[in-house]
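Chemist: Take a look at the following structure, please.
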Amino acid sequence: MTEDAVSRARAEASRGNYTSMAHLARALYETGLGPREVMRECYGTDFPEEFFLLAEKDPDTLDLLIDFTNQPWQLAIPLSQGGPPPEPDSRDWIERRAFAYDPQLVPLALPLGADTPLNGRVICYHLDELSADRPTVFGIWKTMSIDDEIKRYDVSLLEIIHRHHADHLRLLIHQRHLPSNRGTGSVGAADIGEAQELLNRIEALQRALHHDLG
């Protein structure tokens, strides 16, 4: 990849257009850069280590109660693993909407599961916070109407994912002990065990992160 080609890709890239960002990321990978350098070039700031820990494991394969976005995750796929797909999937509308709402927002994940406090929100980084070396996450309703306020969570992405799954586990335990918990759709021991396993999986990621940073 020539310098002119990289310059053109950089000039054409817009965070509101996944395809242009994927093209830029691939062009940067072809110059020999790694994921950390590519993300810095694409977003103008460093991303926290928790992001790369999740990206390296391919977050969609973790089977968490989370729907992960195209950007920034797909841009962190090196060419040795196929590189960023040229086109986004159906979650692209969330990224476009977030960028239009606030160009500094970096949408990351949509928590899944009914009746948890984070359900219906889009969890984001904010470029101003990342530039200050803070992995703070924010939440905004996925409707992102003009009246919706951005909620600041003074925790990291892994911590907010842990909180979401802990809330889900508590909800299942509560439902299991209700007198109405019977018949089709009732919560059983297997459901509790699966939710606990998800929480264990996240805690293992947190330990791995602390070990890497230690």
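Chemist: Please specify each residue of region 92-117 satisfying the condition of being in contact with a helix residue (DSSP H, G or I) (Cβ under 8 Å, 6 or more places away or on another chain), in contact (Cβ under 8 Å) with a residue 40 or more places away in the chain and open to solvent by less than 60 Å² (accessible area, probe 1.4 Å).
Modeler: 92, 95, 105, 106, 108, 109, 110, 111, 113, 116
Chemist: With the condition kept exactly as written, say whether any residue in region 118-126 is surrounded by fewer than 18 Cβ atoms within 10 Å (Cβ to Cβ), out of contact with any helix residue (DSSP H, G or I) (no Cβ under 6 Å at 6 or more places or on another chain), touching a residue at least 24 places away in the same chain (Cβ under 8 Å) and not aromatic (Phe, Trp, Tyr). Break it down stepwise before answering.
Modeler: Filtering region 118-126 for residues surrounded by fewer than 18 Cβ atoms within 10 Å (Cβ to Cβ) gives 119-120.
When the remaining residues are screened for being out of contact with any helix residue (DSSP H, G or I) (no Cβ under 6 Å at 6 or more places or on another chain), the result is 119-120.
Then drop every residue that is not touching a residue at least 24 places away in the same chain (Cβ under 8 Å), which leaves none.
Scanning region 118-126, I find no residue that is surrounded by fewer than 18 Cβ atoms within 10 Å (Cβ to Cβ), out of contact with any helix residue (DSSP H, G or I) (no Cβ under 6 Å at 6 or more places or on another chain), touching a residue at least 24 places away in the same chain (Cβ under 8 Å) and not aromatic (Phe, Trp, Tyr), so the answer is no.
Chemist: Right, another one. Can you tell me which of (1) in contact with a helix residue (DSSP H, G or I) (Cβ under 9 Å, 6 or more places away or on another chain); (2) free of Cβ contacts under 8 Å to residues at least 60 places away in the same chain is the one residue 57 doesn't meet?
Modeler: (2)
Chemist: Further question: Answer yes or no as to whether residue 110 is within 18 Å of residue 165 (Cβ to Cβ), part of a loop (DSSP other than H, G, I, E, B) and not acidic (Asp, Glu).
Modeler: Numbers: within 18 Å of residue 165 (Cβ to Cβ): yes; part of a loop (DSSP other than H, G, I, E, B): no; not acidic (Asp, Glu): yes.
So residue 110 does not fit the description; no.
Chemist: Residues in region 165-214 that are in contact (Cβ under 8 Å) with a residue 24 or more places away in the chain and farther than 19 Å from residue 117 by Cα: how many?
Modeler: Residues in region 165-214 being in contact (Cβ under 8 Å) with a residue 24 or more places away in the chain and farther than 19 Å from residue 117 by Cα: 8 in total.
Chemist: Also, I was wondering about something else. Could you identify the single residue in 89, 67 that is in a strand (DSSP E or B) and either polar (S, T, N, Q) or open to solvent by 10 Å² or more (accessible area, probe 1.4 Å) (or both)? Before you say what the answer is, go through the steps one by one.
Modeler: Working: 89 fails: in a strand (DSSP E or B).
Just a single option satisfies the conditions, and that option is 67.
The values are calculated or read from the model by the stated rules, or taken from the named source; none is laboratory data. What you are looking at is a predicted structure, and each value in this text was computed from that prediction instead of being measured. Glycine gets a Cβ as well: all are built from the backbone with ideal geometry, and neighbour counts include every protein chain shown. Quick note on the areas: whole protein, heavy atoms, side chains included, nothing else; ligands and nucleic acids left out. Shrake-Rupley method; radii C 1.70, N 1.55, O 1.52, S 1.80 Å.
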